[in-house]
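Asks: Please read through the structure below; I'll follow up with questions.
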Amino acid sequence: MHVPMCLSQRTKIFTFSQILSMLLIFIIKNLIHLCKVLLLTERDMKQLLFTLLAFFIYTGCTENRIASKQENTYPNIFPDYKEISIPINIAPLNFTVKNSSHIKAVFSNNNQLLFSIEGKNKIDIPLKKWRHIISHNIGKQIDISISIWNNSYPEGVQYKSFPIYITTDSIDPYIAYRLVEPGYESWHEMDIRQRALNCFKEEIIISSNMTEKGCVNCHSFCNYSPTDFMFHTRTTPGGTIIIKNNQPIKVQLSQLGSSKEGTYPHWHPSGKYIIFSTNATRQSFYSRNPNLIEVYDLESDLILYDPVRNTVITDPRFNSPESFETFPAWAPDGKRLYYCTAPAKQLPKRLREVKYSICSVSFDPDSGSFGETIDTIYTAHNKSASFPRISPDNQYLLFTESDYATFPIWHKEADLKMISLQDSASVNTDILNSPDVESYHSWSSNGKWIIFSSRRLDGLYTRFFIAHLNKNGKFSKPFLLPQKDPDENNLRMKSFNIPEFIKDKITITRSQLDHTVTD
């Protein structure tokens, strides 16, 4: 008895994209006749052909795979964007999945599909699509479901979905930072750059290649302004480059009365002053120590520069050989100065005994004078403080804490800490920290975000991480600064440091800066 074959055995089932492709082939083959019927011009015919071919390529390359297996675990994605809070104007969170040959990502909200995207071993989210999704889901949670295919899962495996939270808070559109070799032995190859945070565009502001291979460092911005900022250049002759209203000048601070050059700066919010520490910095290299490098100051003081009068103001309390003063930072209203200080020791012999406290003193912007009373905000006991930064609302003091000394960028124990300035209470920052170095940090202009550098990826290179501070004073899980190619975070052999938020793009030309630097 003859048994007929089932439908699936004798009939080939075509996918939707295959049907579209066959339809397009049929249309293209009959294009001339179609154009005559439609009375199209030769130009219109070419445009129609181009459009059809583009659509044909898109549909032929688009896949819609369905994984056959499900896992109740999270995917191993890089960067780790699971359960993070993001600004409403951040660049797409492109990522890869370890050991994948094909990836599918499905974005949804309350089980409603927003969009899906596939890639061979990376997910590259279109910028317009990303901005559309973000703008329509402000203040909401988006769930991302990841499926991968590889030799172990040729039929695919779908992992447990994870959320990201789109806050109602924006972030400043740009950051400025320095790219440098991690060991500081190659100081003649470094740049100060800017990066747009809503996309991936990066530009050089000033490069050591423009300064006869001289070091460029220690930039500072006045109230997050892209037209009012400064940096040092260690060329011959070197100097401090100050840009005011996009007009650069070079200043020789050591020739203005104090006989000292500025090092770590902070621009007063009024724009009337720049506070500097003056540091005799040295570095040592360990042969048997996981921290590798030690940086310390043989001496350090504070000087105040008045750009209008082109004068340097000193206070004997901050210029004594009996103590070290460094890393000054203004309060947002400009009425107090914060700085790190420690009793002077014989260095490097007694380096591990050096523990820095954080002190503050009142300041009168009209007279350029400091108050009589010096308050201790953080007392050094078993730990040492560096890089104090005050939140824009004057609520919090964020700083780096390490075991000793003042330059913890190679101290694996270095963590971010925060104090409430209202009641001096410690704020929990555990979520920000890792087993490796956390060091430089800055506040966004609205006080809702911080950016900081960390060596947590590989222990060698510092990368930037961003975290949200909610209205209850709690930080969210930090996330790695998004890159167009997520592998760039591992493959770019430069350290990112001194991140500073700015409110707009820096527009002064490199030729203007180059002329001032070499003058």
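Asks: Within region 458-472, can you find the residues that are modelled with pLDDT of 95 or more and of a type outside the set (S, T, N, Q)?
Replies: Arg463, Phe464, Phe465, Ile466, Ala467, His468, Leu469
Asks: Checking Leu432 against (1) under 23 Å from Ile166 (Cβ atoms); (2) open to solvent by less than 10 Å² (accessible area, probe 1.4 Å); (3) within 13 Å of the chain's Cα centre (by Cα), which test does it fail?
Replies: (3)
Asks: How about region 471-519: which of its residues are under 21 Å from Tyr461 (Cα atoms), acidic (Asp, Glu) and not in a loop (DSSP other than H, G, I, E, B)? Please lay out each step first, then the result.
Replies: We begin by selecting, within region 471-519, every residue under 21 Å from Tyr461 (Cα atoms); these are 477-501.
Next cut, acidic (Asp, Glu) only: 485, 487-488, 500.
Glu488, Glu500 - these are the residues of region 471-519 that are under 21 Å from Tyr461 (Cα atoms), acidic (Asp, Glu) and not in a loop (DSSP other than H, G, I, E, B).
Asks: Would you say Ile66 is within 21 Å of Ile466 (Cα to Cα) and outside any strand (DSSP E or B)? Step through it out loud before you land on a result.
Replies: Numbers: within 21 Å of Ile466 (Cα to Cα): no; outside any strand (DSSP E or B): yes.
No: the conditions fail for Ile66.
Asks: Does region 231-251 include one or more residues that are out of contact with any strand residue (DSSP E or B) (no Cβ under 6 Å at 6 or more places or on another chain) and outside any loop (DSSP other than H, G, I, E, B)? Steps first, please.
Replies: Going through region 231-251, the residues out of contact with any strand residue (DSSP E or B) (no Cβ under 6 Å at 6 or more places or on another chain) turn out to be 234-238, 244-247.
Still in the list and also outside any loop (DSSP other than H, G, I, E, B): 244, 247.
Yes; the residues of region 231-251 include at least one that is out of contact with any strand residue (DSSP E or B) (no Cβ under 6 Å at 6 or more places or on another chain) and outside any loop (DSSP other than H, G, I, E, B).
Asks: Considering only region 89-100, state which residues are surrounded by fewer than 18 Cβ atoms within 10 Å (Cβ to Cβ) and modelled with pLDDT of 95 or more.
Replies: Filtering region 89-100 for residues surrounded by fewer than 18 Cβ atoms within 10 Å (Cβ to Cβ) gives 89, 98-99.
Matches in region 89-100: Asn89 only.
Asks: Can you tell me which residue within region 332-342, out of those that are within 20 Å of Leu421 (Cα to Cα) and touching a residue at least 60 places away in the same chain (Cβ under 8 Å), is nearest to the chain's Cα centre (by Cα)? Before the answer, list the steps.
Replies: Pass one, region 332-342, residues within 20 Å of Leu421 (Cα to Cα): 332-341.
Next cut, touching a residue at least 60 places away in the same chain (Cβ under 8 Å) only: 332-334, 337, 339-340.
Numbers: Pro332: 22, Asp333: 25, Gly334: 26, Leu337: 26, Tyr339: 24, Cys340: 25 Å.
Filtering first and then ranking leaves Pro332.
Asks: Name every residue in region 165-179 that is buried (at least 21 other Cβ atoms within 10 Å of the Cβ) and more than 15 Å from the chain's Cα centre (by Cα), in order of residue number.
Replies: If we filter region 165-179 for residues that are buried (at least 21 other Cβ atoms within 10 Å of the Cβ), which is where we start, we get 166, 169, 171-172, 174-178.
Of everything in region 165-179, those that are buried (at least 21 other Cβ atoms within 10 Å of the Cβ) and more than 15 Å from the chain's Cα centre (by Cα) turn out to be Ile166, Asp169.
Asks: For a quick check of your reading of the model, give me the residue pairs whose first member lies in region 378-405 and is over 20 Å from Lys355 (Cβ atoms), whose second is of a type in the set (S, T, N, Q), with beta-carbon atoms closer than 7 Å and at least 6 apart or on different chains.
Replies: Pro392/Ser445; Pro392/Asn446; Gln395/Ser420; Gln395/Gln422; Tyr396/Ser420
Asks: A further question follows. Would you confirm whether any residue within region 346-359 is of a type outside the set (Val, Ile, Thr), within 25 Å of Gly257 (Cβ to Cβ), out of contact with any Leu (no Cβ under 6 Å at 6 or more places or on another chain) and open to solvent by less than 40 Å² (accessible area, probe 1.4 Å)? Break it down stepwise before answering.
Replies: At the first step, the residues of region 346-359 found to be of a type outside the set (Val, Ile, Thr) are 346-353, 355-357, 359.
From the residues that got through so far, the ones that are within 25 Å of Gly257 (Cβ to Cβ) too are 359.
Among the residues that remain, those that are also out of contact with any Leu (no Cβ under 6 Å at 6 or more places or on another chain) are: 359.
Filter again for open to solvent by less than 40 Å² (accessible area, probe 1.4 Å), leaving 359.
Taking every residue of region 346-359 in turn, at least one turns out to be of a type outside the set (Val, Ile, Thr), within 25 Å of Gly257 (Cβ to Cβ), out of contact with any Leu (no Cβ under 6 Å at 6 or more places or on another chain) and open to solvent by less than 40 Å² (accessible area, probe 1.4 Å).
Asks: Does Ser444 meet the test of being within 19 Å of Ser402 (Cβ to Cβ), crowded, with 23+ Cβ neighbours inside 10 Å and out of contact with any helix residue (DSSP H, G or I) (no Cβ under 8 Å at 6 or more places or on another chain)?
Replies: Numbers: within 19 Å of Ser402 (Cβ to Cβ): no; crowded, with 23+ Cβ neighbours inside 10 Å: yes; out of contact with any helix residue (DSSP H, G or I) (no Cβ under 8 Å at 6 or more places or on another chain): yes.
In short, no.
Asks: While we're on this one: Out of all the residues in region 268-322, which are in a loop (DSSP other than H, G, I, E, B), hydrophobic (A, V, I, L, M, F, W, C), within 20 Å of Ser386 (Cα to Cα) and touching a Lys or Arg at 6+ places or on another chain (Cβ under 7 Å)? Lay out the reasoning, then the answer.
Replies: Here is the first cut: in region 268-322, the ones in a loop (DSSP other than H, G, I, E, B) are 268-273, 286-292, 307-310, 314-315, 319-322.
Remaining after also requiring hydrophobic (A, V, I, L, M, F, W, C): 292, 308.
If we keep only those that are within 20 Å of Ser386 (Cα to Cα) as well, we get 292.
If the condition is that a residue be in a loop (DSSP other than H, G, I, E, B), hydrophobic (A, V, I, L, M, F, W, C), within 20 Å of Ser386 (Cα to Cα) and touching a Lys or Arg at 6+ places or on another chain (Cβ under 7 Å), then no residue fits.
Asks: Right, next: Over 17 Å from the mean Cα position of the chain (by Cα), at pLDDT 95 or above and open to solvent by less than 30 Å² (accessible area, probe 1.4 Å), is that true of Ala385?
Replies: Numbers: over 17 Å from the mean Cα position of the chain (by Cα): yes; at pLDDT 95 or above: yes; open to solvent by less than 30 Å² (accessible area, probe 1.4 Å): yes.
Against the criterion (over 17 Å from the mean Cα position of the chain (by Cα), at pLDDT 95 or above and open to solvent by less than 30 Å² (accessible area, probe 1.4 Å)), Ala385 qualifies.
Asks: Among Phe115, Phe107, which is the only one that is at pLDDT below 95 and not in a loop (DSSP other than H, G, I, E, B)?
Replies: None of the others qualify; the one that does is Phe115.
Asks: What pairs can you find where one residue is in region 248-267 and closer than 20 Å to Glu500 by Cβ, the other is assigned to a loop (DSSP other than H, G, I, E, B), and their Cβ atoms are less than 7 Å apart, with a gap of 6+ or different chains?
Replies: Final answer for the pair search is Pro248/Ile508; Trp267/Cys222.
Asks: Specify the residue that is farthest from the chain's Cα centre (by Cα); the eligible residues are those in region 343-364 that are closer than 13 Å to Lys383 by Cβ and in a loop (DSSP other than H, G, I, E, B).
Replies: Filtering first and then ranking leaves Val354.
Asks: Next up: Of all residues in region 401-429, count the ones that are among the hydrophobic types (A, V, I, L, M, F, W, C), open to solvent by less than 10 Å² (accessible area, probe 1.4 Å) and out of contact with any Pro (no Cβ under 8 Å at 6 or more places or on another chain).
Replies: Step one: list which residues in region 401-429 are among the hydrophobic types (A, V, I, L, M, F, W, C), which gives 405, 407, 409-410, 414, 416, 418-419, 421, 425, 427.
From what is left, the residues that are open to solvent by less than 10 Å² (accessible area, probe 1.4 Å) are 405, 409, 414, 416, 418.
Those still in the list that are out of contact with any Pro (no Cβ under 8 Å at 6 or more places or on another chain) too: 405, 409, 416, 418.
Count: 4.
Asks: Looking only at residues that are touching a residue at least 40 places away in the same chain (Cβ under 8 Å) and among the aromatic types (Phe, Trp, Tyr) in region 112-156, which one is least open to solvent (accessible area, probe 1.4 Å)?
Replies: Trp149
Asks: Can you name every residue in region 294-316 that is hydrophobic (A, V, I, L, M, F, W, C) and either over 29 Å from the mean Cα position of the chain (by Cα) or open to solvent by 10 Å² or more (accessible area, probe 1.4 Å) (or both)? I'd like the intermediate steps shown before the answer.
Replies: Pass one, region 294-316, residues hydrophobic (A, V, I, L, M, F, W, C): 295, 298, 302-304, 308, 312-313.
Within region 294-316, Val295, Leu298, Ile303, Leu304, Val308, Val312, Ile313 qualify.
Asks: Taking region 235-277, which residues are among the polar types (S, T, N, Q), closer than 30 Å to Pro182 by Cβ and modelled with pLDDT under 95?
Replies: Result: Thr235, Thr236, Thr240, Ser254, Thr263.
Asks: Let me ask something else. List every residue pair whose Cβ atoms sit under 7 Å apart, with the two residues 6 or more apart in sequence or on different chains, where the first one lies in region 440-453 and is closer than 18 Å to Ala385 by Cα and the second, anywhere, is among the acidic types (Asp, Glu) and in a strand (DSSP E or B).
Replies: If the second residue must be among the acidic types (Asp, Glu) and in a strand (DSSP E or B), the pairs left are Ser442/Glu500; Phe452/Glu438.
Asks: Just to verify a result, which residue in region 195-209, among those that are among the hydrophobic types (A, V, I, L, M, F, W, C) and in a strand (DSSP E or B), is surrounded by the most Cβ atoms within 10 Å (Cβ to Cβ)? So that I can check it myself, show each step before the final result.
Replies: Of the residues in region 195-209, the ones among the hydrophobic types (A, V, I, L, M, F, W, C) are 196-197, 199-200, 204-206.
Among the residues that remain, those that are also in a strand (DSSP E or B) are: 196, 204-206.
On the way: Ala196: 15, Ile204: 13, Ile205: 22, Ile206: 25.
The extreme case among them is Ile206.
Asks: Still on this structure: Taking the condition over 25 Å from the mean Cα position of the chain (by Cα) and crowded, with 17+ Cβ neighbours inside 10 Å, does Ser258 pass? Let's see the steps before the verdict.
Replies: Numbers: over 25 Å from the mean Cα position of the chain (by Cα): yes; crowded, with 17+ Cβ neighbours inside 10 Å: yes.
For Ser258, the condition - over 25 Å from the mean Cα position of the chain (by Cα) and crowded, with 17+ Cβ neighbours inside 10 Å - is met.
Asks: Only one of (1) out of contact with any Phe, Trp or Tyr (no Cβ under 7 Å at 6 or more places or on another chain); (2) of a type outside the set (Ser, Thr, Tyr); (3) assigned to a helix (DSSP H, G or I) fails for Asp333. Which number is that?
Replies: (3)
Asks: Further question on the same structure: Check whether at least one residue in region 366-380 is of a type outside the set (Phe, Trp, Tyr), part of a loop (DSSP other than H, G, I, E, B), open to solvent by less than 10 Å² (accessible area, probe 1.4 Å) and at positive phi, and report yes or no. Talk me through it step by step, then tell me what you get.
Replies: First, the residues of region 366-380 that are of a type outside the set (Phe, Trp, Tyr): 366-369, 371-377, 379-380.
In the following step, the residues that additionally are part of a loop (DSSP other than H, G, I, E, B) were identified as 366-368, 379-380.
When the remaining residues are screened for being open to solvent by less than 10 Å² (accessible area, probe 1.4 Å), the result is 368.
When the remaining residues are screened for being at positive phi, the result is 368.
Yes - at least one qualifying residue is present in region 366-380.
The values are calculated or read from the model by the stated rules, or taken from the named source; none is laboratory data. Please read these numbers as outputs of a predicted model, since none were measured by experiment. No Cβ is skipped: glycine too gets one built from the backbone with ideal geometry, and neighbour counts run over all protein chains shown. In case anyone asks, the SASA skips ligands and DNA or RNA and just uses the protein heavy atoms, side chains included. Shrake-Rupley method; radii C 1.70, N 1.55, O 1.52, S 1.80 Å.
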